[in-house]
Amino acid sequence: MAGAITDDYQNLSMFFKSGIYRLQGSNAVFMDPVRVLNLSYSHFRVSPSSYYSRFFEPIPSGEEHSRVSKNQRKRKRKQKKPLALNEREQAAEERHQKAKPFLMKAHELLLGANDLLLNLGKLRSDDDSPTSDCEQSMVASDEHSFVELGSVWQAPLFEISLYPHKDYKPTQDEKRNTPAFGSLIANMANSDMEADFLNRQYIIPKQSSFYMSDLKQIHGLIPVKRDCGYNLIVVDPPWENSSAYQKLKYPTLPNRYFLSLPIEKLAHKDGALVALWVTNKEKLRVFIEKDLFPKWGVKYLATHYWLKVKADGSLIGELDLFHHRPYECLVLGYCYPEVEDSDYFSKLKSIPDGQVLISIPGDYSRKPPVGEMLRDLVSCFIFLGKPPEAWFS
């Protein structure tokens, strides 16, 4: 018992530092995306009250009872005429039933982590963690629609102005104007960089870069040399989605457009882990398995799950609700190099399947920052194509 209490205390201490809480006895973690994101900033920090805009305020007890009663009545009305599942829906239900034990166990452990639950309600507070005098809070504002700006003919004329932070002395007076569209915007310094774009300020994290363009110009990202490619590629496509269409949140693209992504050319010559966000729509899963991954030169490895909860630890929706399940999938594959080791792919199978990431969602369709978590998986196999003496060179 004392050991369990000590583990919980250490877990909570690590959570305050890293934003990750590992649920004992499972392959599940709880994440505070704000804490994880803020590890990338030196002088600025993401505002928790701005990030957490949904599923945060607990429902008053009276309203909760009323809402449950209404939902029960709705379900009863729907159950009068049950509809038979078609073949594709049956396949989706089978996938769900395979994932359900992982998800239920992860959620059960979350509800049992009392110390963590007591702190969930504080995640939205801007005073949750101390900041130094030089830190500034980044509050979301009405941002530009970069998709719309990128589609106008003047887009190549837009520039973004980069300013090193005042404490970064070697380049204190440096100002760099860079084309905003179709070029790589990079901050390789160990400090945040401020940027102005159309009279609005943006903050670029340390040791980061981005490329603002469209699929037609993505070939500009392909490294000249394969040993300068990427070991980790995370893709969050704008899948065709009725919810996004109805809410006018963002434009979507037909599946065939994603076939043109040059994943194999973007990957490092020693291979790359590819992580693809996807909904529970069976049509998409079949498309990934039959068409997308083969076209990308990617071999399927595992499926992980993002389980969404509210601030009180409850799920944002019923687990078995067919069309609105409270989780999304992160499909993992491997863009592999040419190797002669016959045992190579059997080693890749050691990548764990069915891991669960739990978090309170941010804004619509915003995914949690999984890069650092996936780095651990990359390190598990990225050196398999090299001799042992080269693993740490």
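Points to keep in mind about this one:
- Label positions at Arg200 and Glu159, each projected 7 Å from the Cα along the C-beta direction, are separated by 2.0 nm.
- Under Karplus coefficients 6.51, -1.76 and 1.60, residue-wise ³J(HN,Hα) of the range 279-286 in Hz, glycine/proline x: 7, 8, 6, 4, 4, 5, 4, 5
- Accessible-area ranking of Trp153, Trp277, largest first, probe 1.4 Å: Trp153, Trp277
- Couplings 3J(HN,Hα) of the range 40-48, computed from phi: 8, 10, 9, 10, 10, 8, 5, 7, x Hz, in residue order, whole Hz [Karplus 6.51 cos²θ - 1.76 cosθ + 1.60, θ = phi - 60°; x for Gly and Pro].
- Violating pairs (Cα-Cα greater than 18 angstrom) within the set Lys17/Lys367; Lys310/Lys367; Lys283/Lys310; Lys100/Lys283: Lys17/Lys367; Lys283/Lys310; Lys100/Lys283
- Greater than 18 Å apart at Cα, pairs in Lys216/Lys265; Lys216/Lys290; Lys225/Lys299: Lys216/Lys290; Lys225/Lys299
- Extension gain, Glu94 to Val235: 0.36 nm times the residue separation minus the Cα-Cα distance gives 48.3 nm.
- Applying the Karplus relation 6.51 cos²θ - 1.76 cosθ + 1.60 with θ = phi - 60° to the range 356-373 yields 3J(HN,Hα) values of 10, 10, 10, 7, 8, x, x, 5, 4, 6, 6, 8, x, x, 9, x, 5, 5 Hz, where x marks Gly and Pro.
The values are calculated or read from the model by the stated rules, or taken from the named source; none is laboratory data. All of these numbers come straight from a predicted model, not from anything done at the bench. As a convention, Cβ positions derive from the backbone with ideal geometry for all residues, glycine included, and neighbour counts pool all protein chains shown. Side chains are part of the model used for accessible areas, which takes the heavy atoms of the whole protein and leaves out ligands, DNA and RNA. Shrake-Rupley method; radii C 1.70, N 1.55, O 1.52, S 1.80 Å.
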